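What follows is a single structure, written as C-alpha cells, with notes after it.
The values are calculated or read from the model by the stated rules, or taken from the named source; none is laboratory data. These numbers come from a predicted model, not from an experiment. Glycine also receives a Cβ, built like all others from the backbone with ideal geometry; neighbour counts cover every protein chain displayed.
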Amino acid sequence: MNYFELFGLPVSLVVDKQGLSQKYFALQKQFHPDFFTREDDDAQNAALEQSSMINKALKVLQQRDETIKYVLGLKGLLEEEEKYSLPQDFLMEMLELNEKALEVEPEAFRNEVEGLEAELYDEIREIVETYDDATTSEADLLKVKEYYFKKKYLHRLLDRLDD
C-alpha cells in the first residue's frame with residue numbers, strides 16, 4: 001500500500017494539507033498503539049507498524065519536494081541515492097553562480113538563488129499543479145525529475161552559504 005492509498009487520497013504532486021491533516025488524525029485514532037495496550041503482542045506490533053507508516057507518510061506528503069520524490073519513485077523514475085546527471089548548461093550556470101557567491105553579500109546571493117528556483121518551478125508549474133496520475137506523461141514527469149535535482153543543487157549552494 002502506498003502513502004496515497006493509506007490516506008485515501010489520489011496520487012498527486014500537490015497534496016491538500018487540510019485534507020491530509022484530517023485523514024491523519026482519523027488514522028491515528030484508529031491505529032495509535034495506545035489504543036492497543038490490552039491486545040495481544042501481534043495486534044500491538046501491527047498497530048505500531050501501521051502508526052509508524054502513517055507518520056512516515058505524513059512527513060512525506062506534507063512537503064512538496066518529498067512528495068515529488070515519492071511520486072517519481074512510485075512511477076519507477078527515481079531510485080534511492082540515484083546519481084542524476086544535470087545538463088551541462090545548468091552546471092556551467094552554477095559554476096558562475098558559485099563564483100558570484102564570493103563577490104556579493106550573502107543575502108543578495110540567497111535572493112538570486114531563490115529567483116532561479118522560482119524560474120525553474122515556473123517551467124514545471126502546470127505539470128505539478130495539474131498532475132493527473134492517469135494522463136500525465138512520463139516525459140512530463142522526467143521534466144519534474146530534472147527540476148527536483150536542479151532544486152536540490154540550488155539548496156546545496158544555500159546550505160554552503162549558511163556554513
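What about residue 78, is it touching a residue at least 60 places away in the same chain (Cβ under 8 Å) and either surrounded by 12 or more Cβ atoms within 10 Å (Cβ to Cβ) or not assigned by TED's automatic domain parsing to the domain that holds residue 16 (or both)?
Working: touching a residue at least 60 places away in the same chain (Cβ under 8 Å): yes; either surrounded by 12 or more Cβ atoms within 10 Å (Cβ to Cβ) or not assigned by TED's automatic domain parsing to the domain that holds residue 16 (or both): yes.
For residue 78, the condition - touching a residue at least 60 places away in the same chain (Cβ under 8 Å) and either surrounded by 12 or more Cβ atoms within 10 Å (Cβ to Cβ) or not assigned by TED's automatic domain parsing to the domain that holds residue 16 (or both) - is met.
Taking every residue in the stretch 117-137 that is exposed (fewer than 13 other Cβ atoms within 10 Å of the Cβ) and pairing it with any residue that is part of a loop (DSSP other than H, G, I, E, B), at least 6 positions away or on another chain, the pairs with Cβ-Cβ distances below 8 Å are 129/13; 129/14.
Pick out, from the stretch 1-114, the helices (runs of 4 or more DSSP H) lying fully within it that include 3 or more residues that are farther than 19 Å from residue 144 by Cα and over 19 Å from the mean Cα position of the chain (by Cα). It would help to see each step written out before you state the result.
Details: elements: 3-7, 17-31, 41-61, 64-74, 88-101.
Ranges flagged: 17-31, 41-61, 88-101.
Give the residue, chosen from 30, 18, that is of a type in the set (S, T, N, Q) and within 27 Å of residue 131 (Cβ to Cβ).
Numbers: 30 fails: within 27 Å of residue 131 (Cβ to Cβ).
The unique qualifying residue is 18.
Every residue, every condition in (1) in the same structural domain as residue 147 (by TED's automatic domain parsing); (2) more than 21 Å from residue 139 (Cα to Cα); (3) in contact with a Phe, Trp or Tyr (Cβ under 8 Å, 6 or more places away or on another chain), yes or no:
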residue: 30; (1), (2), (3): no, yes, no
residue: 36; (1), (2), (3): no, yes, no
residue: 51; (1), (2), (3): no, yes, yes
residue: 56; (1), (2), (3): no, yes, yes
residue: 72; (1), (2), (3): no, no, yes
residue: 98; (1), (2), (3): yes, yes, no
residue: 104; (1), (2), (3): yes, yes, no
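Would you point out the residue of the stretch 38-49, among those that are among the hydrophobic types (A, V, I, L, M, F, W, C) and out of contact with any Phe, Trp or Tyr (no Cβ under 6 Å at 6 or more places or on another chain), that is farthest from residue 16 (Cα to Cα)? That would be 46. The single residue among 115, 76 that is out of contact with any strand residue (DSSP E or B) (no Cβ under 9 Å at 6 or more places or on another chain), over 30 Å from residue 133 (Cβ atoms) and at pLDDT 95 or above turns out to be 115.
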